[in-house]
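*Asks:* My questions will all concern the structure given below.
The values are calculated or read from the model by the stated rules, or taken from the named source; none is laboratory data. In this text, all values refer to a predicted model and were calculated from it rather than measured experimentally. Glycine gets a Cβ as well: all are built from the backbone with ideal geometry, and neighbour counts include every protein chain shown. Just so you know, the surface numbers come from the protein's heavy atoms only, side chains and all, with ligands and any DNA or RNA stripped out. Shrake-Rupley method; radii C 1.70, N 1.55, O 1.52, S 1.80 Å.
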Amino acid sequence: MPAKVVVGLQWGDEGKGRVIDYLAEEADIVIRYQGGANAGHTVWVEDERYIFHLVPSGILHPKLICLMGGGMVVDLEALLEEIDSLTTKGIEVEGRLFLSPRAHLVLPQHKDAEGSWEKRIGTTLKGIGPAYAQKYARLGVRVGDILEDGLEERLSFAGENFQGLTEKLRMVGGRIKPYLKDVEPFLNQALKEGKSLLFEGAQGTLLDIDQGTYPFVTSSHPTAGGACLGTGVGPTKINEVIGVAKAYTTRVGRGPFPTELKDDLGELLQRGGGEYGATTGRPRRCGWLDLVALKYACEVNGVDKVALTKLDVLDRASEIKFCVAYLYQGERIEGFPLNLDHCEPVYERLPGWERPTKGIREFGQLPPQAKVYLDRISSYIGVEISWVFTGPGREDVIEVG
Ligand code: IMP
């Protein structure tokens, strides 16, 4: 397993954390490449739930090195809290977790400034948009800058009131210093030594600033290309892209969602799937699987294999619907449009299986209707489903042969 990227194929919350945790068995290094504490990657180990916001989900594997790339925006206090909470739970972090000095800081003003963005887009209020806006305006402050001379000047360019903040950052800097590493040369050397790398995308393709449903997106590149931009590893070094999708669709925050269910069934998915934001606690909007969007996401990421999560959440549905085209101004379209607003879903239907699939680990044990559903998905998107996840437990997975 040389270099693989794991990306979300929907609007985030596809279950990337648990897929990373599963694939991390064979990896040497796991690397987050974009976003910040807006992510909430959940992993269950027996009865213990871990939610990672900044730290890569691979940290639960004791021998792994976990890196946070320069493409991220980092709230250092939030990172220290996450480190402390892992340490309290007995997970050794020091010497295994490293952060690129190139990552940008999320500063107090970024969180303060987010009110109007939150109203319009439904953001997570973690300062993400303002931090990236400042980075691209070339007025940002990088993690490594807090240990250098000239921090005051950088903070004043950034428009921060640096009185008091400089001191605070230098103090935090003292604690964060052992965690700093030049991620780019480290990874390229690791590749030369034949180490296995697993890149962990946060959010999802439809939240990508360029490929997503703009402006209802995040401010970074969750797509596979972002792994190269955010870590300094060239595209020729990536061997495989694994896309993660739920067996239905969810979205948090505002923005178009053609297959959204605003009825009892939507609520059933919300309750059955525990669809509440891991970062903000907000209820997630739920709906049927959108194959037009999924096919588009597979294309823009160059997905080689799909991991489908939460199949068991559909166990109680008497009928399964999935979107195969949109009606836009009375016309049927099968491509992914510039704006999803006003697109009506065109559905295909299949009978539900109406029996438990939870915890099934063998493909042969799936109900025939579930197999038909999986088959229809992979034939539409043109990519094989290589794993089907059937429950939150670490072992609840089918490796499709
Ligand atoms: P921001 O990333 O906080 O700026 O939020 C932009 C949009 O992306 C909002 O609709 C958020 O709800 C959504 N979002 C950000 N991070 C995640 C995530 O990790 N999972 C799902 N949605 C997210």
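*Asks:* Confirm whether LYS305 is within 29 Å of ILE238 (Cβ to Cβ), touching a helix residue (DSSP H, G or I) at 6+ places or on another chain (Cβ under 8 Å) and open to solvent by 60 Å² or more (accessible area, probe 1.4 Å).
*Replies:* no
*Asks:* State the number of residues belonging to region 58-81 that are open to solvent by less than 20 Å² (accessible area, probe 1.4 Å), over 20 Å from LEU229 (Cα atoms) and in contact with a His (Cβ under 9 Å, 6 or more places away or on another chain).
*Replies:* Number of matching residues: 1.
*Asks:* Of all strands (runs of 3 or more DSSP E) completely enclosed by region 26-117, which ones contain at least 2 residues that are closer than 23 Å to TYR276 by Cβ and not β-branched (Val, Ile, Thr)?
*Replies:* 41-45, 48-52
*Asks:* Among the listed residues GLU48, GLU14, identify the single one that is of a type in the set (Asp, Glu) and either surrounded by fewer than 24 Cβ atoms within 10 Å (Cβ to Cβ) or free of Cβ contacts under 8 Å to residues at least 60 places away in the same chain (or both).
*Replies:* GLU48
Here is a yes/no grid of residues against (1) assigned to a loop (DSSP other than H, G, I, E, B); (2) open to solvent by less than 20 Å² (accessible area, probe 1.4 Å); (3) within 16 Å of the ligand (Cβ to nearest atom); (4) more than 18 Å from ILE121 (Cβ to Cβ):
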residue: SER220; (1), (2), (3), (4): yes, yes, yes, no
residue: GLY232; (1), (2), (3), (4): yes, no, no, yes
residue: THR236; (1), (2), (3), (4): no, no, no, yes
residue: ILE242; (1), (2), (3), (4): no, yes, no, yes
residue: PHE257; (1), (2), (3), (4): yes, yes, yes, no
residue: LEU265; (1), (2), (3), (4): no, no, no, yes
residue: ALA278; (1), (2), (3), (4): yes, no, yes, yes
residue: GLY281; (1), (2), (3), (4): yes, no, yes, no
residue: VAL292; (1), (2), (3), (4): no, yes, no, yes
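*Asks:* If we keep just the residues of region 361-382 that are open to solvent by less than 20 Å² (accessible area, probe 1.4 Å) and out of contact with any Cys (no Cβ under 6 Å at 6 or more places or on another chain), which is farthest from ASN301 (Cα to Cα)?
*Replies:* Among residues in region 361-382 that are open to solvent by less than 20 Å² (accessible area, probe 1.4 Å) and out of contact with any Cys (no Cβ under 6 Å at 6 or more places or on another chain), the one farthest from ASN301 (Cα to Cα) is PRO367.
*Asks:* Considering region 335-355 alone, what residues qualify as being under 26 Å from the mean Cα position of the chain (by Cα) and in a loop (DSSP other than H, G, I, E, B)?
*Replies:* Those that are under 26 Å from the mean Cα position of the chain (by Cα) and in a loop (DSSP other than H, G, I, E, B): GLY335, PHE336, PRO337, LEU338, ASN339, LEU340, ASP341.
*Asks:* Same structure, new question: With the structure loaded, tell me whether ARG251 is basic (Lys, Arg), open to solvent by less than 50 Å² (accessible area, probe 1.4 Å) and within 12 Å of the ligand (Cβ to nearest atom) or whether it fails that test.
*Replies:* Answer is yes for this residue.
*Asks:* In addition: Test LEU79 against the stated conditions and say whether it is out of contact with any Gly (no Cβ under 8 Å at 6 or more places or on another chain) and either in contact (Cβ under 8 Å) with a residue 40 or more places away in the chain or not hydrophobic (A, V, I, L, M, F, W, C) (or both).
*Replies:* yes
*Asks:* Just need a number here: residues in region 124-148 that are buried (at least 21 other Cβ atoms within 10 Å of the Cβ), under 20 Å from GLU114 (Cβ atoms) and over 25 Å from the mean Cα position of the chain (by Cα).
*Replies:* Counting residues in region 124-148 that are buried (at least 21 other Cβ atoms within 10 Å of the Cβ), under 20 Å from GLU114 (Cβ atoms) and over 25 Å from the mean Cα position of the chain (by Cα) gives 0.
*Asks:* Name the single residue, out of those in region 311-323 being closer than 12 Å to ALA370 by Cα and touching a Lys or Arg at 6+ places or on another chain (Cβ under 6 Å), that is least open to solvent (accessible area, probe 1.4 Å).
*Replies:* So the residue we want is ASP312.
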